[in-house]
Amino acid sequence: MKKYPSNIVVAGINDTKSQMSSSSVVHIRSRYSGFSANVKCLVTDKVTAELPSSTVDIIDWEIPPGVQLADPLFYQSGKVDLLLGNQLFWKLLLPGEVQLADNLPCLRETRLGWVVGGVCNDEKYDPVVNSHSLTFDKLNRCVQKFWEVEEILSAAPPSEAEDCERHFQETHRRDETGRFIVQLPLDKDVAELSDSRSMALKRFYILERRFEQDPELKRQYAEFMEDYERLGHCEEIKEGDDPEGVIWYLPHHAILRPSNTTTEWYLMHPPK
């Protein structure tokens with residue numbers, strides 16, 4: 001059969017979707033009546049699972065004589081070649097109906113012959129449920145859903161980012177050498193700070209032990225701290241003159257980088 005390019009999404013149970021890229025026109029006609037129709041079909045490698053899911057034993061079924069079955073081998077598990085949609089389904093139905101038994105399917109008369117449908121209440125058959133409720137989703141709607149899922153919602157910046165930017169705008173300046181200087185951003189909720197004094201002292205005691213082993217390191221460190229104080233980055237506060245309230249002691253350790261030709265010393269502070 002001749003195939004035509006197509007671009008349609010078929011949605012099924014649990015909103016599972018399949019992309020159909022080709023279609024074809026099929027002419028069908030009944031073997032028992034004058035009914036015929038041209039059906040535009042989507043083409044796929046596999047319409048559905050084999051039906052029924054396993055071969056059914058119909059030796060005890062009392063099918064009325066003279067019933068012309070649309071598929072005489074309906075009880076054998078096999079491949080489904082064509083799935084008709086409800087656009088054509090309602091035109092096929094005729095009023096005839098036969099209930100075989102309470103635990104058996106029923107027979108329904110159609111223009112294509114009698115068909116068998118229903119449930120076999122027999123434990124030896126595989127409990128497989130087949131759903132053939134399908135809808136066609138327009139491609140633009142699927143693309144719209146995709147972008148709705150992938151879209152990053154435009155939201156206002158978080159308050160912390162706004163505070164950080166405002167702090168920079170209000171406190172930054174440039175010194176005579178052109179270097180940018182900005183104050184350390186302090187958390188307003190300082191009451192929740194942990195005990196920082198013991199941590200700072202522990203770090204400084206470790207630094208002093210390094211000085212005992214390396215006098216040259218101690219000398220350079222002292223020169224650096226004097227310069228640090230001269231530039232106004234820190235000032236000495238007597239322990240008895242500590243301001244009231246919560247105080248944060250900033251621990252640090254020294255790093256010497258002789259390979260750096262511009263700045264040899266760094267004071268490294270742990271993150272808050």
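The values are calculated or read from the model by the stated rules, or taken from the named source; none is laboratory data. Predicted model, so just to flag it, every value in this text is computed and none were measured. Please note: Cβ atoms are built from the backbone with ideal geometry, for glycine as well, and neighbour counts cover all protein chains shown. SASA here: full protein model, heavy atoms, side chains in, ligands and nucleic acids out. Shrake-Rupley method; radii C 1.70, N 1.55, O 1.52, S 1.80 Å.
How far apart, in nm, are the 7 Å Cα→Cβ label points at Thr44 and Arg173?
A separation of 7.3 nm, rounded to one decimal place.
Largest first, how would Met1, Met225 line up by accessible area (1.4 Å probe)?
Order by accessible area, largest first: Met1, Met225.
Do the alpha carbons of any pairs in Lys46/Lys91; Lys3/Lys91; Lys3/Lys79 sit beyond 23 Å of each other, and which pairs?
Lys46/Lys91; Lys3/Lys91
On the full set of protein chains, 1.4 Å probe, figure out the accessible area of His252 and give it in Å² to the nearest 10.
His252 has an accessible surface of roughly 30 Å² with all protein chains in place.
Solvent-accessible area of Ile59, probe 1.4 Å, all protein chains present, reported in Å² to the nearest ten, please.
130
Kirkwood Rh and Cα-based Rg: tell me the resulting Rg over Rh for segment 194-252, rounded to two decimals.
Using Cα coordinates only, the ratio equals 1.01.
Based on the mean of other Cβ atoms within 10 Å per residue, sort peptides 108-119, 174-185 so the most packed one is first.
108-119, 174-185
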